[in-house]
Structure formats: structure tokens, C-alpha cells
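Take a look at the structure set out below.
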Amino acid sequence: MLKNYPPLVLLPLILLGVNTNLLFSQSFVDINAGLTGLSNGSAMWGDYDNDKDPDILITGITSGNVAMTKIYNNDAGIFTDINAGLPGLNNGDATWGDYDNDGDLDILMTGINADQKTFLYKNNEGSFEMVSVNLGYFDAYSFCCWGDYDNDGDLDAFITGNWNSSLFRNDGDDNFIATDDTFVMMNSGRAVFTDMDKDGDLDLLFTGDTGGGMKIYYYGNDHGVFTEQQIMIQGLSAGSIETGDYDNDGDPDILMMGYNDYLEPHADIFRNDGDLNFTPIYAGLAPVTLGKASWGDVDNDGDLDCAVTGKLSGCGVFVSEVYENIGNDYFNGINAGLADAEYSYLAWGDYDNDSDLDLVLSGANYSGTHFTKIYRNDMGLPNFLPEAPQNLTVDFTGDEVIFSWDPAFDQQTPADGLSYNLRLGTEPEGCSNLSPMAHLSDGYRLLATPGNTTQTNWWRIKGLEEGMTYFWSVQAIDPAFGASAFSDEMSFTVVYTGIEHKNNQTGIIQISPNPAKDFFQIDLFDNIPATINICNSSGEKVSEQLCTSANNNIDIRGFKPGIYIININGLNHTFSQKLLVR
């Protein structure tokens with residue numbers, strides 16, 4: 001991966017960038033990889049054998065209607081079926097994830113299959129062993145995704161299909177327990193975990209057919225408890241949903257495709273304007289369904305582009321296209337030359353390790369022939385990897401450890417556009433408590449995805465053993481899923497304070513919001529005048545001011561992210577509270 005170029009090399013690249021037609025001419029090339037042709041399924045890159053090149057997990061049916069699930073090993077661009085012995089899936093989904101925190105990728109699978117079950121496979125040095133666990137059966141058009149919703153450091157599973165959805169909590173030792181959480185009943189539903197409110201835990205977006213229309217719901221996560229709220233935009237079904245910060249403003253936007261209420265195909269981008277307000281930007285994407293839309297920085301310019309595949313309205317009209325993010329909410333199709341398809345799927349991944357995103361595409365073409373193709377990205381522009389995050393700190397509150405670090409620097413992407421990936425273990429360079437799904441030696445990612453803390457440069461982990469010493473580090477990830485090296489490893493011994501990290505509930509003095517960025521509010525009620533001292537986690541005073549009004553807006557724009565102690569000496573009370581600055 002390319003990181004540093006002298007100015008004389010950069011100049012022609014900058015001049016070339018003026019003419020996008022030059023960049024995109026013959027930019028995606030079918031490498032004729034010889035993969036089994038499949039449709040009605042899924043595809044995902046993942047370095048399952050830890051040899052630092054991405055392999056392929058693919059599911060679906062052949063042109064002869066035979067359901068298959070295959071893993072292709074990537075050996076310097078030559079792809080070989082490893083005959084993994086996985087059950088075939090039709091109209092389903094399979095996804096990589098290190099659920100047991102042992103440093104390699106395992107597999108979760110759902111869809112129509114002869115055994116009528118959902119499968120979990122453990123990676124045992126490159127071989128896959130079925131785990132005996134009851135994850136139910138979700139039948140046709142089902143979908144699954146991983147996410148550590150309860151912040152205990154291991155991956156939990158959300159699975160949906162056939163008017164049924166369940167969240168399974170990972171309790172360790174291959175045990176998954178269905179939670180009591182209830183979700184809107186949907187068919188052809190799709191979901192994604194993301195920290196929408198940037199409070200240090202994963203929320204859930206869920207869209208699909210409710211039987212009363214296509215709707216999208218937000219499940220806000222408050223320390224493992226979900227609260228349901230419908231988002232006032234058009235939901236879609238029989239397609240896909242992903243979040244990504246296409247405008248690099250620090251919050252996740254939505255890319256979604258599928259059928260609307262009138263069974264019309266749509267592919268839409270919704271800009272996140274805060275407080276669950278999303279604005280359609282009318283990006284000009286081809287309106288498709290029965291396919292996939294996915295974010296990825298295809299031209300290495302530091303912002304998210306996207307690709308879509310699927311069926312247009314009308315009979316027998318398909319499309320597969322890559323769209324460049326021009327800026328100002330505009331996306332431009334680049335005539336990538338991809339095979340048009342329906343019942344299709346695509347996924348980004350750098351199979352040849354040349355620092356740009358290639359594409360795997362599967363589906364059915366106009367003649368009904370099912371195919372799986374790998375397209376090499378030949379744009380030739382370098383990706384400058386982000387620098388490792390600095391100034392790592394830990395703090396303890398209640399039964400949680402709070403990790404924080406400074407935003408990282410990247411030559412192409414603003415700091416707000418980066419995501420972060422945390423690693424935690426009980427041994428040096430270990431990940432037994434939180435897997436980053438990356439090589440610890442150089443940060444090479446096993447997956448082409450954002451990091452496990454999303455765009456939040458702090459995170460919370462609960463339930464760590466008091467008195468135990470832990471080792472941790474963090475890396476930054478750019479929109480092309482290129483990763484920095486991990487930061488220098490830090491260690492700490494758990495000493496819980498028993499102090500809850502939340503706003504004062506007594507009505508004496510209140511501080512909000514917490515966490516805060518740029519400003520926070522102190523409501524002193526009748527405790528004025530009051531002296532406000534702010535100390536950093538080392539006990540050094542960084543600010544002092546006298547407040548003579550009940551409501552005070554405190555400026556913290558110059559503060560580094562981390563834990564601070566707010567000490568208030570008021571007329572009637574002395575009060576202290578921790579504040580997390582993002």
C-alpha cells in the first residue's frame with residue numbers, strides 16, 4: 001500500500017485528476033477469475049487464512065437452480081475453491097466475523113437450505129467447523145449482520161427474514177442467546193449496525209416490508225437497551241442498506257436500494273442532518289431493486305463513492321454501475337463496463353493489494369445465465385493511508401472502561417471522515433477481549449469495512465475483570481478501507497470507580513450533553529455564583545471560570561478528546577462529575 005509520494009510524483013496525479021474521463025477510461029477490467037456463477041445470494045471479501053490477501057465467500061444458486069456456498073482462496077490473484085463443505089443457500093446471506101475473538105474470520109449464514117436452520121461456522125486454521133447452536137430459521141430473503149450491541153467485546157448477531165427478526169447475544173464459549181428485544185415484523189428486511197448518535201455503542205437501522213408499506217426504523221441503543229423510532233423517510237425492501245459518511249462531516253449517511261410502497265425500484269442516498277433528520281439528495285443513482293448498493297472510495301480521493309446493481313422498472317432491464325462522488329451531494333456514473341444483472345450482489349475489496357478497491361459482482365444476466373465476476377480497478381491512483389491515532393487514554397466509570405484517542409490525520413480524508421478500529425486483550429498484542437479483524441503487526445485489515453467503533457474516537461467496554469491488566473491499541477481506517485498501523489500499545493489495570501458516567505439526576509446541578517463536543521451546558525439552578533474548574537484525567541487544571549447565571553454554555557473547542565473532571569463550587573453545593581469530550 002502506498003503512503004508517501006514526493007511532490008514531483010504528486011503533480012501529474014493532481015493534473016490527471018482534472019479530467020475524470022481519463023481516470024475512468026477502461027477503469028474496471030474483468031480478470032476472468034473462473035468463479036462459479038451464482039445469483040440470489042451474497043458475496044463478501046475476507047482474509048480467512050490470514051495471509052494478507054482477501055478471499056471470497058459467496059452464496060446463491062447456479063443457472064441450474066442448485067444452491068451453493070463457496071469460499072475461494074486468493075493466491076496472488078488466482079482464486080481456488082477450497083471445498084469448504086458449507087451448506088448451499090438460496091435467497092440468503094453469509095457474512096464474515098470473528099465472533100470468538102481468536103483473530104480469524106468465522107461465518108454466519110442464513111437463507112433457504114435443506115436443513116432449515118441458520119448456521120454458524122468456526123474457523124479452525126482455515127478449515128470451517130459447524131458450531132452446534134440454535135439460531136432459528138429465517139427462510140427466504142433472510143439477512144444477517146454482526147455487531148457488539150452490548151459492548152462486552154464480542155460480536156452479537158442480528159438475523160431477519162420471513163416476518164421474523166431476532167437479536168442473539170454472544171455469551172462466549174459458542175453460546176448465543178435470543179434476547180427479549182422485539183423488532184418490527186418485516187419481510188425482505190435489511191439492517192445495519194452503526195453508532196448513529198455517537199454515544200459509544202451500536203444502534204440499529206432496519207428497513208423492509210411491514211405488510212403496511214416499506215418503512216425504516218431506528219433502534220437507539222442506550223447501554224444495551226433498544227428504543228424504537230420510525231424514521232420519516234421512505235423505507236425500501238428486497239434490496240440493501242448501508243451507512244457511510246459520504247460528505248465527511250462526521251455522521252453516518254444512508255445508502256439504500258429496493259422496492260418502495262408502489263413496488264417501484266429505488267436507489268437513494270439520504271444525508272444525515274442530525275437528530276434523525278435525513279434529507280434525500282437525489283443523487284441520480286439508477287433506481288434498482290433485487291440487488292445491492294455499497295459504499296467505497298473507488299478513486300482514492302478521500303470521500304465515499306458507491307456502486308449499485310439490480311433490476312430497473314420494466315421487464316428485463318438491469319444495470320450495474322459505479323458512481324463517483326463529485327461533491328455537493330452529486331454523484332456521476334462513470335460507465336464502468338460492469339455486467340448488468342438482477343438478483344445480484346456486489347462487494348468492494350482490494351484483492352491485488354495495489355491500494356485501490358476492486359469489485360466482485362454476481363447475479364443473473366439478460367439470458368438468465370448466472371455469473372460471478374471479479375473486476376480489477378485500474379484507475380491507478382494511490383491511497384495515502386491514515387496515520388495511527390495518538391494520545392490514547394482510559395478511564396473507569398461504573399462497570400465500564402472508557403477508551404479515547406485523538407482524531408487521526410490523513411492526507412486525503414478529513415479527520416471526521418475516518419473510522420477507528422479498537423483491539424483489546426489480556427496479553428501483549430492480543431485480542432481475546434475485542435478483535436479488530438486486522439493483522440496486529442502492520443494493521444492490514446481482514447475485512448473491507450469501517451472499524452468496530454465506527455467514526456467515534458472513543459468507545460466503551462463493560463465487564464472487564466477488576467484487577468486484571470489489559471493491553472490495547474487502535475487504528476484509523478479511511479473511506480477506501482485502507483488502515484493505518486496500530487498505535488503504540490497501551491496497558492492498564494482495571495479499577496472501577498463505581499461512579500456512573502451520566503448526568504446528575506438530583507436537580508441540584510446538571511451537565512449536558514455528556515459526551516460533549518465543542519460546548520456543554522451547566523445548569524446551576526440556585527447555586528450561583530459558582531466557580532467551575534475543569535481538570536484533565538491527570539488532574540491538571542485546564543480551565544477555570546466564575547459563573548454568575550443559572551445557565552452557562554461552556555466552550556471546550558480547544559480540548560483534546562478524553563475524560564475530564566468538572567468541579568463546581570456553588571453557593572449551596574460542591575459538585576464533581578466526569579465529562580467525556582469527543
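The values are calculated or read from the model by the stated rules, or taken from the named source; none is laboratory data. Since we're looking at a predicted model, the values are computed, not measured. When we count neighbours, we look across all protein chains shown, and the Cβ atoms used for this are built from the backbone with ideal geometry, even at glycine. Side chains included, ligands, DNA and RNA excluded: accessible areas come from the protein's heavy atoms. Shrake-Rupley method; radii C 1.70, N 1.55, O 1.52, S 1.80 Å.
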Thr369 vs. criteria open to solvent by 20 Å² or more (accessible area, probe 1.4 Å) and touching a Phe, Trp or Tyr at 6+ places or on another chain (Cβ under 8 Å): no
Pair list, Cβ under 6 Å, 6 or more apart: segment 432-443 residue at pLDDT 95 or above, other residue among the acidic types (Asp, Glu): Ser435/Asp98; Met437/Asp98
Long-range neighbours under 8 Å by Cβ, at least six apart or interchain, first residue at pLDDT 95 or above within segment 452-466, second open to solvent by 40 Å² or more (accessible area, probe 1.4 Å) and not in a loop (DSSP other than H, G, I, E, B): Gln455/Asp416
Sole exception among (1) modelled with pLDDT under 95; (2) on the phi > 0 side of the Ramachandran plot for Cys315, by number: (2)
Yes/no for Tyr141 being surrounded by 22 or more Cβ atoms within 10 Å (Cβ to Cβ) and either at pLDDT 95 or above or within 22 Å of Gly41 (Cβ to Cβ) (or both): yes
Residues (open to solvent by 60 Å² or more (accessible area, probe 1.4 Å), over 23 Å from the mean Cα position of the chain (by Cα) and more than 21 Å from Asn365 (Cβ to Cβ)) located in segment 52-78: Asp75, Ala76, Ile78
Within segment 167-266, strands (runs of 3 or more DSSP E) holding 1 or more residues that are farther than 17 Å from Trp146 by Cα and of a type in the set (Ser, Thr, Tyr): 187-194, 214-222, 225-230, 237-244, 253-259
Residue ID - nearest to Pro382 (Cα to Cα), chosen from residues in segment 321-364 that are among the hydroxyl-bearing types (Ser, Thr, Tyr) and surrounded by fewer than 21 Cβ atoms within 10 Å (Cβ to Cβ): Ser355
Failed item in (1) outside any loop (DSSP other than H, G, I, E, B); (2) touching a residue at least 40 places away in the same chain (Cβ under 8 Å); (3) over 26 Å from Ala191 (Cβ atoms), with Ile56 passing the rest: (3)
From the options Asp297, Asp247, Asp305, Asp251, residue that is under 25 Å from Ala339 (Cα atoms), under 19 Å from the mean Cα position of the chain (by Cα), buried (at least 18 other Cβ atoms within 10 Å of the Cβ) and touching a residue at least 60 places away in the same chain (Cβ under 8 Å): Asp297
Which listed residue is among the acidic types (Asp, Glu), buried (at least 23 other Cβ atoms within 10 Å of the Cβ) and within 30 Å of Ile563 (Cβ to Cβ), from Asp199, Asp195, Asp203: Asp203
